[in-house]
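The values are calculated or read from the model by the stated rules, or taken from the named source; none is laboratory data. Bear in mind that the values here come from a model prediction, so they are computed numbers and not experimental data. As a convention, Cβ positions derive from the backbone with ideal geometry for all residues, glycine included, and neighbour counts pool all protein chains shown.
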Amino acid sequence: MSNELRRAFGHYPTGVTVITTTTPEGRWIGMTANSFSSLSLEPPLVLWSIAKSSTNYDVFRNAPHFAVHVLHSGQAALARQFATRDCDRFAGLQCEPGRGGSPLLEDFHACFDCETHEVLDGGDHVIIVGRVLECRERAGDPLIFYRGRFLETLGPGA
């Protein structure tokens, strides 16, 4: 059922994000995720999920702050970079610390600097709810993930 379910889930197009945080020792951590969603305007909340099997699980599960970067249509390579294991995911990137210390990428479609509000069990994942401290947005088209691949255009009439 899990392969069939994964394929069926893939029929729902999503945006692509890079989520970042800082370890207690000050090391930057980041990963690609498509499980991001808005949750509430009052209070300003967003959510995303991370697999309990992820090498980044413990860091994000316990992080007091994180940043969500919604990627734009020209950032498929960056999404792949942050999805690659055993590499310096921040290589060649300029970042500045957010309000809670999470690295903020200089290039994005939208960015949400958050403090962790709640962590909820979600089967083989946890759902991380963040309170948005600051947000920024830029014009352009989003990067889309659909049926296992990145789409960098919304197509005609979009």
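Return yes or no: is Glu115 at pLDDT 95 or above, surrounded by fewer than 18 Cβ atoms within 10 Å (Cβ to Cβ) and within 26 Å of Asp141 (Cβ to Cβ)? Steps first, please.
Details: at pLDDT 95 or above: yes; surrounded by fewer than 18 Cβ atoms within 10 Å (Cβ to Cβ): yes; within 26 Å of Asp141 (Cβ to Cβ): no.
No; evaluated as a whole, the condition is false for this residue.
Report whether or not Gly92 is of a type outside the set (A, V, I, L, M, F, W, C) and more than 20 Å from Ser73 (Cα to Cα).
So Gly92 fails the test.
I'm trying to understand the selection: among the residues of segment 63-92, which are in contact with a strand residue (DSSP E or B) (Cβ under 6 Å, 6 or more places away or on another chain) and part of a loop (DSSP other than H, G, I, E, B)? Spell out the reasoning first.
Initial filter on segment 63-92 (in contact with a strand residue (DSSP E or B) (Cβ under 6 Å, 6 or more places away or on another chain)): 63-70, 76, 79, 82-83, 89-90.
Listed by number, the residues that qualify are Ala63, Pro64, Arg89, Phe90.
Going residue by residue through segment 60-78, is there one that turns out to be out of contact with any Lys or Arg (no Cβ under 9 Å at 6 or more places or on another chain), surrounded by fewer than 17 Cβ atoms within 10 Å (Cβ to Cβ) and under 21 Å from Arg149 (Cβ atoms)?
yes
Any residue in segment 125-137 that is more than 15 Å from the chain's Cα centre (by Cα) and without any contact (Cβ under 8 Å) to a residue 12 or more places away in the chain?
Among the residues of segment 125-137, not one is more than 15 Å from the chain's Cα centre (by Cα) and without any contact (Cβ under 8 Å) to a residue 12 or more places away in the chain, which makes the answer no.
Name the residue that is nearest to Gly140 (Cα to Cα), counting only residues in segment 82-99 that are crowded, with 17+ Cβ neighbours inside 10 Å and free of Cβ contacts under 8 Å to residues at least 40 places away in the same chain.
Keep residues of segment 82-99 that are crowded, with 17+ Cβ neighbours inside 10 Å, which gives 82, 89-90, 93, 98.
Subsequent filtering for residues that are free of Cβ contacts under 8 Å to residues at least 40 places away in the same chain retains 93, 98.
On the way: Leu93: 20, Gly98: 23 Å.
The selected residue is Leu93.
With the structure loaded, tell me whether Asp141 is farther than 18 Å from Met31 by Cβ and in contact with a Ser or Thr (Cβ under 9 Å, 6 or more places away or on another chain) or whether it fails that test.
On the way: farther than 18 Å from Met31 by Cβ: yes; in contact with a Ser or Thr (Cβ under 9 Å, 6 or more places away or on another chain): yes.
So Asp141 fits the description; yes.
His72: farther than 23 Å from Gly100 by Cβ, in contact (Cβ under 8 Å) with a residue 40 or more places away in the chain and touching a Pro at 6+ places or on another chain (Cβ under 8 Å), yes or no?
On the way: farther than 23 Å from Gly100 by Cβ: yes; in contact (Cβ under 8 Å) with a residue 40 or more places away in the chain: yes; touching a Pro at 6+ places or on another chain (Cβ under 8 Å): yes.
Judged against the criteria, His72 is a match.
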